[in-house]
1. Given the condition at pLDDT below 90, in a strand (DSSP E or B) and exposed (fewer than 12 other Cβ atoms within 10 Å of the Cβ), answer yes or no: does some residue in the stretch 207-227 qualify?
2. Being among the hydroxyl-bearing types (Ser, Thr, Tyr) and assigned to a loop (DSSP other than H, G, I, E, B) is the filter here; which residues of the stretch 1-33 pass it?
3. Quick check on my filter: what residues within the stretch 159-183 are assigned to a loop (DSSP other than H, G, I, E, B) and either under 18 Å from residue 195 (Cα atoms) or in contact with a strand residue (DSSP E or B) (Cβ under 8 Å, 6 or more places away or on another chain) (or both)?
4. Given the conditions (1) open to solvent by 30 Å² or more (accessible area, probe 1.4 Å); (2) in a loop (DSSP other than H, G, I, E, B), report the number of the one that residue 146 does not fulfil.
5. When you look at residue 22, is it open to solvent by less than 80 Å² (accessible area, probe 1.4 Å) and either charged (D, E, K, R) or touching a Leu at 6+ places or on another chain (Cβ under 7 Å) (or both), yes or no?
6. Collect the residues in the stretch 25-44 that are open to solvent by 50 Å² or more (accessible area, probe 1.4 Å) and either closer than 25 Å to residue 220 by Cα or polar (S, T, N, Q) (or both), keeping them in residue-number order.
7. For residues that are of a type outside the set (Ser, Thr, Tyr), open to solvent by less than 90 Å² (accessible area, probe 1.4 Å) and modelled with pLDDT of 75 or more, tally how many sit in the stretch 45-94.
8. Among the numbered criteria (1) open to solvent by 60 Å² or more (accessible area, probe 1.4 Å); (2) at pLDDT below 95, which one does residue 124 miss?
Amino acid sequence: MVAHYQSVADDLRRRIESGEFRVGDRLPAETQLATRYRVSVPTLRLSLELLQAEGRVEKQQGRGNFVRHPRARTVYDSERQAAQSPPLHVSVEVDTVNATSALSALLQVRRGALLTEFDFISVVGTSVQSVARVYVPQTVARLGPPEGELSPWGDNVRESLAAAGVHVVSTVERVTSRLPSVEEKEVFRSTTPVLAVERTSSDDSGRVVEVALLALPGDRTEAVFTARTCAEALEEVR
C-alpha cells in the first residue's frame, strides 16, 4: 500500500506542477481519483494527506480538496545564518512564570521555580512561521527584553546571558516531528505536522542556563544541520 499511495501522490504532484491543476482548482472527488488510480479510497486519502503536509493541497470540509499556493518556507539553520528567505517580522514578549514539571526537569530546577519566559513569534504577512519559547531560571540571571534585531529562534537570549556574564559552552538540540496541539493549529492555521526543536544550553560547569522550545509548521519549514570536519575546524582556528 505504501508504494501505491506514494506513486499516486507523485503523479498528482506532477500534474499540479505541470499546471494541469492550478492554484484554486478543486481536485476531482476522492472516489473519482481512487477509481482513476485503481486504489482504495483510504489509500487515496493517504496520498492527499502527503500533499497536504507539503502545502500543495488544502482540504476544505464539505467542499473537497483544493490546490493552494505553496507557502513560503523558512530555513532553520544549525549555524544560525543571518539571511532568512523570506524576510521575517519577529516580535517578542517577556514574562515571569513558574516552572512546570516538564520545565523543572529540563532546566534542573525545582518545580515552581521562577523563570523568565521569552515568546518569539515570526511572521511573514499574516502567516506565522515559527514560535520559540525560551526559558531562563532567574537564579541564573534576571534578564529584561532583548535589544537589537530579533532572532526567530530566540538567540537574543544567549546574547543577554553573555552580557550578564553567563556564557553558553554546550548546546544540545533534539528535533522531532509531531502532530500540532490545539493552540498550534490555531496559531499556524494548519493541521500539518509540526517540527519541534528542544534546545538545551549549559555553561562551563554543566549548569543548564537556557531551554528553548521551538515549534515550526512542517509545510513551510526546512531544517539544515551542518557538521564540520576536523580540518575545517582547524582552519577556522588558524
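1. Yes, the stretch 207-227 contains at least one residue that is at pLDDT below 90, in a strand (DSSP E or B) and exposed (fewer than 12 other Cβ atoms within 10 Å of the Cβ).
2. Across the stretch 1-33, the qualifying residue is only 18.
3. 166, 168, 169, 179, 180, 181
4. Among (1) open to solvent by 30 Å² or more (accessible area, probe 1.4 Å); (2) in a loop (DSSP other than H, G, I, E, B), the lone unmet condition for residue 146 is (1).
5. no
6. 25, 26, 31, 32, 35, 40
7. Going through the stretch 45-94 one residue at a time, the tally reaches 24.
8. (1)
The values are calculated or read from the model by the stated rules, or taken from the named source; none is laboratory data. A quick note: this is a predicted structure, and the numbers were derived from the prediction, not measured. Neighbour counts run over all protein chains shown; Cβ positions are idealised from the backbone, glycine included. Only protein heavy atoms, including side chains, enter the accessible area calculation; ligands, DNA and RNA are left aside. Shrake-Rupley method; radii C 1.70, N 1.55, O 1.52, S 1.80 Å.
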